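Data block below; observations after.
The values are calculated or read from the model by the stated rules, or taken from the named source; none is laboratory data. Bear in mind the structure is a predicted one, so any value in this text is a computation, not a measurement. As a convention, Cβ positions derive from the backbone with ideal geometry for all residues, glycine included, and neighbour counts pool all protein chains shown. SASA here: full protein model, heavy atoms, side chains in, ligands and nucleic acids out. Shrake-Rupley method; radii C 1.70, N 1.55, O 1.52, S 1.80 Å.
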Amino acid sequence: DIKYIDVPQKYRKNTKLGSQRLGENRFKLDAEFLWIIGIYLAEGSNSKRSINFSLHKNEIKFQDKIIKFFSNMGYNPKLWAREGNGVNVEINSTTLAQWFPNWLGHLCYNKKIPEELMNLPKEKLVSLLSGIYDGDGSKTSANFEIGQTSKILALQITELLYRINKQPLLRTQKSNKKTEIGNDRKLCYIVSWGKGNFQKNNRKGRWKFDNELL
């Protein structure tokens, strides 16, 4: 178990010149912060001086939860509308803008769970996975699913689901639909679990990952 996570010194302000940066440099590794980590893995990004959470305008519960967390930690989060149905929760912080992408991965297809979080107790893993699911998850009639473009993160999610006694399946999906700016979409990795027949059937050879039968 890990009780606290400290922002590494190299990402903090290391000069006395100018005003001090807003926000705490120590985070309690509890259910609240682990959920924040999870939803950042799913919906987070960074600019030079801020981190951002991209949400739907109707996801008010998630917006409020992110804003409350960072406000309580001494930061100054802001909510602003994007074109269409999207909103951004923005936390202006050079410290977080440098630390989060280095710790959790830069760009969606490079996202990863830090090694030190992979061995947390099961109840903490549930909070981490809940954040990822709230950002990237969906529910069908039989299964829960998490879909995103990071192969490493998909494998880590699969491992953690096994650790909390789920039986996930992992598959890939390629969309032929172009992005809004006309680019090909990246391969999507989908982890699913739920009330299906996963526990009853022989799983050998039931699914492929990168052309390897498992």
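The table that follows gives values for the structure above.
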quantity	calculated
Close pairs (6 angstrom Cβ cut-off, 6 or more residues apart or separate chains): more than 19 Å from residue 187 (Cβ to Cβ) in segment 101-115, open to solvent by 20 Å² or more (accessible area, probe 1.4 Å) and of a type in the set (A, V, I, L, M, F, W, C) anywhere	114/103
Number of positions in segment 127-158 that are open to solvent by 30 Å² or more (accessible area, probe 1.4 Å), in contact (Cβ under 8 Å) with a residue 60 or more places away in the chain and among the aliphatic types (A, V, I, L, M)	0
Cβ pairs under 6 Å, 6+ apart, first in segment 30-47 and within 18 Å of residue 122 (Cα to Cα), second among the hydroxyl-bearing types (Ser, Thr, Tyr) and part of a helix (DSSP H, G or I)	31/127; 34/127; 35/127; 35/130
Residues of segment 103-117 classified as open to solvent by less than 10 Å² (accessible area, probe 1.4 Å) and not small (Gly, Ala, Ser), total	5
Conditions (1) under 14 Å from the mean Cα position of the chain (by Cα); (2) at negative phi; (3) modelled with pLDDT of 95 or more; number of the one not met by residue 137	(3)
Among the residues listed as 208, 204, 177, 195, the single one being at pLDDT below 90, open to solvent by 100 Å² or more (accessible area, probe 1.4 Å) and closer than 20 Å to residue 152 by Cβ	208
Qualifying residue in segment 104-116 (condition: in contact with a His (Cβ under 9 Å, 6 or more places away or on another chain) and at pLDDT 95 or above)	no
